[in-house]
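I have placed the structure first, in the form of structure tokens, so that the comments after it can refer back to it.
The values are calculated or read from the model by the stated rules, or taken from the named source; none is laboratory data. Since the model is a prediction, treat every value here as computed from it, not as a measurement. Neighbour counts are summed over all protein chains in view; Cβ atoms, including those assigned to glycine, are modelled from backbone coordinates with ideal geometry.
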Amino acid sequence: MDEPITEEEIIRVVQSMQNGKCPGIDGYTVEFYKKFINKLAPLLLDMFQDSFDNASLPQTLTQASIFLILKKGKDALQCGSYRPISLLNVDYKMLAKLLATRMESWLPSIISPDQTGFIKDRHAFSNIRRALNVIYSPPTQDGPEVILSMDAEKAFDRVEWGYLFYTLEKFYFPQNFISWIRLLYSAPKASVRTNNLNSVYFPLQRSTRQGCPLSPLLFAVAIEPLAEALRSNNHITGIFRHNREQKLSLYADDLLIYVSNLPTSIPTILSILDSFSSISGYKLNLSKSELFPLNSAAAKYSLHTLPFKVVHDKFKYLGVSITDKFENLFKCNFCPLITSIKKDLARWSLLPLSLAARINTIKMNTLPKLSYLFQTLPIFIPKLFFRKLDTLILEFIWNKRPPRLRKSLLQQTKSLGGMALPHMQFYYWAANLRALQFWISYNSFHSPPEWLHLEAASCYPFSLYANLYTPLDHKAPTTIKNTVVKSSVKIWKQFRRHFNFQNLSLSCPLISNHLFFPSTLDKGFNIWDRAGIKTLHDLYVEGTFVSFQYLVEKFSIHKNNFFRYLQVRSFASSVNPQFPSAPEPTALDTFLKPLPIFKKMISQLYNLISSVQVTCLSNLKVQWEKDLGVLLTEDEWQQILYRIHSSSFCAKHGMIQCKLFHRVYWTKARLNKIYPDTDPLCDRCHRDTASLIHMFWLCPSLFKFWTEIFSTLSEVFGMQLDPNPVTAIFGVLPSALLMSKHHSDFVAFVTLLARRLILLKWKLSAPPMYSEWIRDVLRYSTLERIRCTLNDSLSKFKKSWQPFFTFMDNLSLVAIPE
């Protein structure tokens, strides 16, 4: 943390910064710095070092421009109705992010696990799950118990700098590092932009700077002394669950305090908060802070004498309604959300959106709202809810018209020919399976989250994750009194039933397993665990159950363990019909393996779940082979799938190819089968039946169109490319034709433009013209150049398009009639 800044470090920081963010007042964007970072890094390093040596930043790095955004439903004439958004220059944020990167790896060792906001490898759902475990677990004492949800007034804006730097020193941050922080806060100033006019710059005297990557980390340090004061004070009594005392949890400034022994605890809490406020700037709004009684004793207590707003049925915490009864969680969270989603979808339905845009709307607006509740609330949701939700979504996607594609095909990944429409129930399972991954990895955590301790203790003497191996027709062990654990197991069984995961996995633990009762009574099995015999899998070698002699030699198990061996063998034979052979691995084993705990775990689990249930496309492959008159190899079929969404970056173009691949387009031959009075003949040639392959390839009127296109491509790349239906319809080149990726991408794109022209003239008697295709290619070449320029990939554009431009330079204008 105290090392000098290097050019390499600056380059790494810039490359890690997110594109598309609004620049500061100097106008230089992240993309600009990324483009020229190799040239700018030495200059930036010199500037940072000079600023450090002189304890003063350049003027532009101290300036911020504040924009005011009106809060939803607020009076536009009131100043407090606006949310200030502060824009900082990228070079300032670069230095701040560099320091934040150094700082974030250190914070987990000094910030208590009670704080989960913006700390590496900690999660917001941990706080909510911890609260649920406290509220819905049976109390261990008769006295009143309450939860205080504290409301802080603009907590980030009120941090006093003197207190902040003093706290950094007391946490033994290196002096050089503190000097860097002092540099960033040496003389900051801001101006307010209103009606395109900037006010005069005014100095800032306190607060962590909005928009600064360091701010949330500095705030975590600033509020930690308060957390420690509350945590360590013996006059404050927390709430005991499963012999563990719960006192508080934090997500940045969102403070939740678990309190019992109210006559002593509450005055002490208020005194500590008052003292902390006087030195740090932290200020509570007690009238908005909520007190939630947990038991009848608390409800009978004189709560009206306390300076808090008393709520009996529910309170809001981190965007989730926490209710007095577990069964009310669904009603108070999901029902209002579904009502809101219905209103949103009804409003968005009025917009002229394409199918692809509607699917993206579901991904960007509906899914995140549902996903957050799926992650934070481990409540069992029946399949009927998801069927109703799917009905809402499909009505919006198809604009209340009859669906043209099955839901399962839309939900396929794009690599498998789908549109990646979110499968909401799969996301629900993935979110809850993430919590179960914590169960599986419980013994490997250096510092498990508190909710995990509570759930593990509630299952004693059984192992927490042994519950995952309970047969589907068995009930959870009666010793489990934890409602959250019971609900999680119920969700897990719902997931297993859906995919018919009946067999027991070999990853089943041997000790503290309610299915293998001797392991809960005989502590001698702990010796096996320490020796490395932890699961049933450890007892199979080369697919066969091992002998006792093997265990003695391999794991140094004493010979007096033979009876335990017989017990284990009896258990293994009872759960494995193929005993003594090992059962075949199943997809269930994948979900019972520890996965790395990282931000995208839900996406990883969702992809694993989706891979178990893949819609078969073999019938579609047979149909296309029949139409094309060729047998498609597996490589060719995979290329066809790949080209559906990779031929063009345009979502509408991807939709065109997706519909064609799935044979969605209405032809006259198809209409004739539904409406016999419809003429099945092609409107262009008036001779053959207008089947799908006819409309795109076999129609005689298209012969000249495709011949000229393939002739052009042959001239462009200097190789013979004979007309063939696989390239014409799917943009996939013959396997025998060797062409670079850039050029094959070009072929896929321009043939897609040809198919688009055919669709534009679908009901006309005149076929598309070669000249129209040339104009389309030239028009889209301009758009492609702009896109590649914005993405800083102009060289890629030139490699793909230069042969075509060379061809056009040599082409006589007479060859392209008007």
| request: Can you give me the ranges of the helices (runs of 4 or more DSSP H) entirely in the stretch 602-680 with at least 2 residues that are of a type in the set (D, E)? | output: 618-628, 634-646
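So which residues in the stretch 228-255 are part of a helix (DSSP H, G or I), touching a residue at least 60 places away in the same chain (Cβ under 8 Å) and under 20 Å from G162 (Cβ atoms), if there are any at all?
E228
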| Counting just the residues of the stretch 153-187 that are among the acidic types (D, E) and part of a helix (DSSP H, G or I), which one comes out modelled with the highest pLDDT? | E169
| task | State all residues of the stretch 338-363 that are surrounded by 13 or more Cβ atoms within 10 Å (Cβ to Cβ) and polar (S, T, N, Q); if no residue qualifies, say none. | result | S349, N360, T361
| field | the stretch 2-45, residues that are under 32 Å from the mean Cα position of the chain (by Cα) and of a type in the set (K, R) | value | R12, K21, K34, K35
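Considering only residues that are hydroxyl-bearing (S, T, Y) and under 35 Å from the mean Cα position of the chain (by Cα), which ones fall in the stretch 56-89?
We begin by selecting, within the stretch 56-89, every residue hydroxyl-bearing (S, T, Y); these are 56, 60, 62, 65, 81-82, 86.
Selection gives T62, S65, S81, Y82, S86.
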| note | Those residues of the stretch 43-64 which are touching a residue at least 24 places away in the same chain (Cβ under 8 Å) and outside any helix (DSSP H, G or I) amount to A55, S56, L57, Q63, A64
| field | Any hit, the stretch 190-202, residues being touching a helix residue (DSSP H, G or I) at 6+ places or on another chain (Cβ under 8 Å) and surrounded by fewer than 16 Cβ atoms within 10 Å (Cβ to Cβ) | value | no
| task | Test T712 against the criterion of being buried (at least 20 other Cβ atoms within 10 Å of the Cβ), under 29 Å from S618 (Cα atoms) and either of a type in the set (S, T, Y) or in contact with a strand residue (DSSP E or B) (Cβ under 6 Å, 6 or more places away or on another chain) (or both), and give yes or no. | result | no
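Yes or no: A754 free of Cβ contacts under 8 Å to residues at least 40 places away in the same chain and within 43 Å of the chain's Cα centre (by Cα)? If you could, list the steps in order and put the result at the bottom.
Details: free of Cβ contacts under 8 Å to residues at least 40 places away in the same chain: no; within 43 Å of the chain's Cα centre (by Cα): yes.
No.
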| said: Consider the stretch 327-337. How many of its residues are touching a residue at least 40 places away in the same chain (Cβ under 8 Å) and either touching a strand residue (DSSP E or B) at 6+ places or on another chain (Cβ under 8 Å) or exposed (fewer than 14 other Cβ atoms within 10 Å of the Cβ) (or both)? | reply: 2
| message | Please pick out the residue among F696, F710 that is without any contact (Cβ under 8 Å) to a residue 40 or more places away in the chain, touching a Leu at 6+ places or on another chain (Cβ under 8 Å) and part of a helix (DSSP H, G or I). | response | F710
| query | Can you pull out the residues in the stretch 93-122 that are free of Cβ contacts under 8 Å to residues at least 24 places away in the same chain and either assigned to a loop (DSSP other than H, G, I, E, B) or touching a Pro at 6+ places or on another chain (Cβ under 9 Å) (or both)? | reply | S105, K120
| Residue check for L204: in the same structural domain as V310 (by the TED database) and modelled with pLDDT of 95 or more | no
| said: Looking for something closer than 21 Å to I341 by Cα, at pLDDT 95 or above and part of a helix (DSSP H, G or I) - is there at least one such residue anywhere in the stretch 403-420? | reply: no
| note | Across the stretch 284-326, the tally of residues that are in a helix (DSSP H, G or I), surrounded by 14 or more Cβ atoms within 10 Å (Cβ to Cβ) and more than 29 Å from the chain's Cα centre (by Cα) stands at 4
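Among the residues of the stretch 603-616, how many are modelled with pLDDT of 90 or more and over 11 Å from the mean Cα position of the chain (by Cα)? If you could, list the steps in order and put the result at the bottom.
First, pick out the residues of the stretch 603-616 that are modelled with pLDDT of 90 or more: 603-612.
Then drop every residue that is not over 11 Å from the mean Cα position of the chain (by Cα), which leaves 607-612.
Number satisfying all stated conditions: 6.
Could you check the stretch 644-661 and list, in sequence order, the residues that are crowded, with 19+ Cβ neighbours inside 10 Å and over 26 Å from the mean Cα position of the chain (by Cα)? Even if it seems obvious, please write down each step before you answer.
Residues of the stretch 644-661 that are crowded, with 19+ Cβ neighbours inside 10 Å, as a first pass: 644-645, 647-648, 653-658, 660-661.
Selection gives S647, H653, I656, Q657, L660, F661.
Here is a check on your reading of the model: is S275 of a type outside the set (F, W, Y), part of a loop (DSSP other than H, G, I, E, B) and more than 34 Å from the chain's Cα centre (by Cα)?
Numbers: of a type outside the set (F, W, Y): yes; part of a loop (DSSP other than H, G, I, E, B): no; more than 34 Å from the chain's Cα centre (by Cα): yes.
For S275, the condition - of a type outside the set (F, W, Y), part of a loop (DSSP other than H, G, I, E, B) and more than 34 Å from the chain's Cα centre (by Cα) - is not met.
Table: residues versus (1) among the β-branched types (V, I, T); (2) farther than 28 Å from K414 by Cα; (3) not assigned by the TED database to the domain that holds W762.
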site: I656; (1), (2), (3): yes, no, no
site: N672; (1), (2), (3): no, yes, no
site: C685; (1), (2), (3): no, yes, no
site: W697; (1), (2), (3): no, no, no
site: Q720; (1), (2), (3): no, yes, no
| Has the stretch 330-337 got any residue that is modelled with pLDDT under 90, farther than 16 Å from Y258 by Cα and part of a helix (DSSP H, G or I)? | no
| field | Residue list for the stretch 248-283, filter: exposed (fewer than 15 other Cβ atoms within 10 Å of the Cβ) and among the polar types (S, T, N, Q) | value | T264, S271, S275, S278
| field | Qualifying position, being over 30 Å from E636 (Cβ atoms) and buried (at least 21 other Cβ atoms within 10 Å of the Cβ), among N482, N500 | value | N482
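Taking the options F797, F804, name whichever one is in contact (Cβ under 8 Å) with a residue 60 or more places away in the chain, surrounded by 13 or more Cβ atoms within 10 Å (Cβ to Cβ), assigned by the TED database to the domain that holds R687 and out of contact with any Pro (no Cβ under 9 Å at 6 or more places or on another chain).
Numbers: F797 fails: in contact (Cβ under 8 Å) with a residue 60 or more places away in the chain.
Being in contact (Cβ under 8 Å) with a residue 60 or more places away in the chain, surrounded by 13 or more Cβ atoms within 10 Å (Cβ to Cβ), assigned by the TED database to the domain that holds R687 and out of contact with any Pro (no Cβ under 9 Å at 6 or more places or on another chain) holds for just one of F797, F804, which is F804.
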| message | Restricting to the stretch 65-92, name every residue that is outside any strand (DSSP E or B), buried (at least 17 other Cβ atoms within 10 Å of the Cβ) and not β-branched (V, I, T). | response | N89, D91, Y92
| Between a first residue in the stretch 573-588 that is assigned by the TED database to the domain that holds Y469 and a second residue that is in a loop (DSSP other than H, G, I, E, B) and aliphatic (A, V, I, L, M), which pairs have beta carbons less than 6 Å apart while being 6 or more apart in sequence or on different chains? | V575/L504
| Are any of the residues in the stretch 143-156 farther than 27 Å from S277 by Cα and either among the acidic types (D, E) or crowded, with 20+ Cβ neighbours inside 10 Å (or both)? | yes
| task | Would you check if there is a residue in the stretch 594-602 being surrounded by 14 or more Cβ atoms within 10 Å (Cβ to Cβ), of a type in the set (A, V, I, L, M, F, W, C) and at pLDDT 90 or above? | result | yes
| task | Go through F545, F516 for me and flag whichever is more than 30 Å from the chain's Cα centre (by Cα), crowded, with 22+ Cβ neighbours inside 10 Å and not assigned by the TED database to the domain that holds S137. | result | F516
